[in-house]
Amino acid sequence: MKTIFTIIAVTFFGTMAFAQDISKEAKVDTLTMGVELKVEFNQTIRKDRKTVRLYKFKNSKIKKELSFKTKNDKSKLA
């Protein structure tokens, strides 16, 4: 009985949902405005910048020096 009532309720609400008139679309007035692009670049070159170097290679001197290991870093067998 409960399943029959559920099926009837679902079909009833489904037909009511389809029966609504939703084809009415609101017309919207559009405005067209011109666009003005004004782009200015202020580029000043500064000569006092310091340079930083990036090393791509694994075996570069700087990376070797910074990744040092001490004798105490090694694991010891007991």
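Just to be sure I understand the filter: pairs with C-beta atoms under 8 Å, separated by 6 or more residues or on different chains, first member in region 33-44 and surrounded by 10 or more Cβ atoms within 10 Å (Cβ to Cβ), second member assigned to a loop (DSSP other than H, G, I, E, B). Which pairs pass?
As it stands, the answer is none, since no pair meets every condition given.
Out of the residues in region 45-64 that are at pLDDT below 70 and of a type in the set (S, T, N, Q), which is surrounded by the fewest Cβ atoms within 10 Å (Cβ to Cβ)?
Once the filter is applied, the top-ranked residue is Asn59.
Does any residue of region 14-28 turn out to be surrounded by 10 or more Cβ atoms within 10 Å (Cβ to Cβ) and modelled with pLDDT of 70 or more?
So the first thing to find is which residues in region 14-28 are surrounded by 10 or more Cβ atoms within 10 Å (Cβ to Cβ), and the list is 14.
Pick out the ones that are also modelled with pLDDT of 70 or more and you get 14.
Yes - at least one qualifying residue is present in region 14-28.
The values are calculated or read from the model by the stated rules, or taken from the named source; none is laboratory data. This one's a predicted model, so the numbers in the text were calculated from it and none came from an experiment. Note that each Cβ is placed from the backbone with ideal geometry, even for glycine, and that neighbours are counted across all protein chains shown.
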